[in-house]
Structures are given as C-alpha cells and as structure tokens.
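Participant: Can you keep this structure in mind? I'll have questions shortly.
The values are calculated or read from the model by the stated rules, or taken from the named source; none is laboratory data. Only a predicted model underlies this, so the values are computations on that prediction, with no experimental measurement involved. Quick reminder, even Gly has a Cβ in these numbers, built from the backbone with ideal geometry, and neighbours come from all protein chains shown. Keep in mind that these areas ignore ligands, DNA and RNA; they rest on the heavy atoms of the full protein, side chains included. Shrake-Rupley method; radii C 1.70, N 1.55, O 1.52, S 1.80 Å.
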Amino acid sequence: MQSLWMLVASFLFSIMGVCVKLAGDYYSTAEIVLCRGLVGVTVISALVWVRGGTFRTPFPRDHLIRGGIGVISLWMWFYSFSLLPVATATTLNYMSSIWIAAMLFAAGWWQGNKKFEWGLAGTVLLSFIGVALLMRPSLNSEQLLGGAIALFSGVLSALVYLQVRKLGLLGEPEYRVVFYFSLTGVVAGLAGNMFSGHMPLLHAHTPTGAFLVITIGLTATLAQIAMTRAYRLGNTLVTANLQYTGIVFSSLFGVVIWSDAPGWVGWTGMAIILASGILATYHNQRSSQNTAKNVPKVDPIATEV
C-alpha cells in the first residue's frame with residue numbers, strides 16, 4: 001500500500017505544480033502559499049468537526065520542526081526559480097531522496113548499525129539519473145548562488161520527510177501532521193505578504209484564479225496526507241524513490257497542456273524513473289518475504305506450557 005499512497009501523492013503534487021505555474025499570472029508566491037495553507041486548515045478542520053478528533057498533540061516540538069523546516073524549504077525552492085531555469089531548480093530540489101539515503105547511512109554508521117539497504121539506495125540513484133536525463137539541467141558560473149539555494153532546499157526537504165516519518169511512527173495521525181504544516185504555511189504566507197508591503201488577497205479576483213488557488217490547496221492537502229501515510233507505513237527509501245514519479249506526471253502534463261515534448265532523451269529518463277520505482281518496490285517486497293521466512297515459528301503448545 002505504501003507504493004500506492006506515494007503514487008497518489010506524486011500525482012496530486014504534479015497537479016498542484018501545474019496549478020501553481022498557472023496561478024502565477026494571478027497571485028504572488030506569498031499569496032499562493034497563504035491560500036494553500038488556508039484551504040488545508042479549513043478542509044482538515046471540517047473533517048475533524050464531522051468525523052471527530054482533536055488537534056491536541058503530545059509532540060508540539062516535532063510539529064514545529066516539521067512545519068518550520070518545510071516552509072523554509074518551500075520558500076527557498078520557489079525563490080530559486082527566479083535565479084535558475086525551472087529544470088535546474090527542480091532537479092536540484094529533487095536530490096532530497098539522495099540526501100535521505102545519505103542521512104540514513106550516516107545515522108546507521110553513527111549508531112553502529114552495519115546493515116544498510118544498498119540495493120534500495122542504488123534504485124534512488126538510478127531514478128535521479130532518470131530525472132537528470134528528463135530535465136537536462138544546466139548551470140553556469142552566474143547561477144551558483146541559485147544552485148546552492150535549490151540544493152539546500154533539497155537537503156531541508158530530506159529532513160522534512162524524515163521528520164514526517166518520525167511523527168508517523170510516534171502514532172501521530174496524518175490529519176494532525178498536515179494540519180499543523182498547513183497552519184505554518186498560513187503564518188508564513190501572511191509574513192511574506194507583510195514583508196513585501198502588500199495586503200494579501202485584497203485585489204480583484206477572477207473565477208480562473210480562484211479555481212486555481214483552491215485546487216492548489218485541495219491537492220496539496222490530499223497529497224500531504226497520502227505522503228505522510230506512505231512514509232509512516234513503508235520503507236523510507238522505497239517511498240523516497242517513488243517520489244520521483246511526480247516529475248514523470250508533471251512532464252506528461254507539460255506535454256498535454258503546453259505541448260512541451262521531452263524528446264527521446266527525456267522519454268528515456270521517464271522510462272528509467274518508472275523502471276527504478278518498480279525495481280525498488282519488487283526489491284522491498286522480496287526482502288520482506290525473506291525476512292518473514294526467516295522468522296522462527298513458535299510452537300503454541302510449548303509456549304502455553
């Protein structure tokens with residue numbers, strides 16, 4: 001199920017990305033971040049009111065870390081778009097999956113755990129090669145600052161995903177994790193608008209613009225819930241690898257909406273990403289089956305005696 005949840009999240013994030021690109025003609029980045037958070041807070045509050053639940057959490061510090069780092073990463077990524085080509089900024093940010101593998105390896109080494117899933121880490125690297133072929137990023141000497149910002153946004157994203165998994169393992173429900181992140185986004189959006197000297201949303205609106213920002217909020221909220229569940233339920237490296245499918249979905253939307261054909265190199269990159277995701281899922285399932293076979297069976301009679 002973790003594969004399905006991450007694929008759903010990637011698909012929804014790709015729709016959100018398309019809407020963000022289109023909404024840029026109607027709203028500023030700070031307004032888009034604000035609306036994304038407002039819709040998320042509203043939707044989850046309504047669900048909690050209807051189905052029951054509570055926003056009281058025993059882990060406020062972990063939510064603050066997740067929300068703060070997540071918003072900083074998002075702002076840095078958006079800002080890098082003004083300094084870099086979209087393909088370069090996206091590729092550097094999507095190195096987050098490689099950073100996750102590196103962080104897990106470093107944590108295991110520090111704790112003296114010699115067992116590391118090199119096979120799954122290899123599939124993550126293979127997917128990134130596919131991303132590089134698909135996006136074909138470029139970077140010159142005048143874009144080093146933008147490259148550093150986009151790269152660091154990927155490092156922060158990796159920390160966010162690991163924090164999301166931690167909250168899931170602590171037993172924190174998905175709706176609460178997404179609610180506090182959305183609330184952080186509202187605060188950040190308001191702060192961004194105040195810093196720029198503009199009152200948010202106090203201008204003329206169009207049905208198209210309103211539809212786009214509402215869709216951004218809805219898809220982002222549902223995608224965050226699906227992603228949080230994927231990281232909570234499954235193997236971290238498999239989930240991180242399947243995250244790359246979002247670029248495939250986004251590229252296909254680019255073909256349909258903007259007739260932006262990727263060429264044979266790009267199609268090859270897509271095939272590598274998809275093949276790597278299938279390979280990672282198969283490798284994880286096989287490892288789980290082998291682990292289950294090696295677990296010794298307990299004689300219920302002997303146990304009872």
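Participant: So, in the range 56-82, exactly how many residues are over 28 Å from F195 (Cβ atoms) and of a type in the set (F, W, Y)?
Facilitator: Our first condition is that a residue be over 28 Å from F195 (Cβ atoms); within the range 56-82, this holds for 56-59.
Those left that are additionally of a type in the set (F, W, Y): 59.
Residues in the range 56-82 being over 28 Å from F195 (Cβ atoms) and of a type in the set (F, W, Y): 1 in total.
Participant: Let me ask something else about it. Looking only at the range 93-101, decide whether some residue is more than 30 Å from A275 (Cβ to Cβ) and open to solvent by less than 20 Å² (accessible area, probe 1.4 Å).
Facilitator: Step one: list which residues in the range 93-101 are more than 30 Å from A275 (Cβ to Cβ), which gives none.
No, that holds for no residue.
Participant: Looking at V41, V18, V33 in this structure, which one is at pLDDT 90 or above and among the aliphatic types (A, V, I, L, M)? Write out each step before concluding.
Facilitator: Details: V18 fails: at pLDDT 90 or above; V33 fails: at pLDDT 90 or above.
Every option except V41 fails the conditions.
Participant: Here is a further query. Among the listed residues G53, G40, identify the single one that is under 22 Å from G171 (Cβ atoms) and within 21 Å of the chain's Cα centre (by Cα). So that I can check it myself, show each step before the final result.
Facilitator: Values: G53 fails: within 21 Å of the chain's Cα centre (by Cα).
One residue alone meets the criteria, G40.
Participant: Here's a follow-up. Does L279 meet the test of being part of a helix (DSSP H, G or I) and over 20 Å from the mean Cα position of the chain (by Cα)? Even if it seems obvious, please write down each step before you answer.
Facilitator: Details: part of a helix (DSSP H, G or I): yes; over 20 Å from the mean Cα position of the chain (by Cα): yes.
When the stated conditions are applied, L279 passes them.
Participant: Would you check which residues across the range 78-117 are more than 21 Å from N284 (Cα to Cα), in contact (Cβ under 8 Å) with a residue 40 or more places away in the chain and part of a helix (DSSP H, G or I) and list them?
Facilitator: F78, Y79, S80, A87, T88, A89, T90, T91, L92, N93
Participant: Of S127, S182, which residue is of a type in the set (S, T, Y), buried (at least 18 other Cβ atoms within 10 Å of the Cβ), in contact with a Gly (Cβ under 8 Å, 6 or more places away or on another chain) and under 17 Å from A30 (Cβ atoms)? I'd like the intermediate steps shown before the answer.
Facilitator: Values: S127 fails: under 17 Å from A30 (Cβ atoms).
So the residue among S127, S182 that is of a type in the set (S, T, Y), buried (at least 18 other Cβ atoms within 10 Å of the Cβ), in contact with a Gly (Cβ under 8 Å, 6 or more places away or on another chain) and under 17 Å from A30 (Cβ atoms) is S182.
Participant: Please go through the range 259-276 and pick out each residue that is more than 22 Å from the chain's Cα centre (by Cα), aliphatic (A, V, I, L, M) and part of a helix (DSSP H, G or I).
Facilitator: V265
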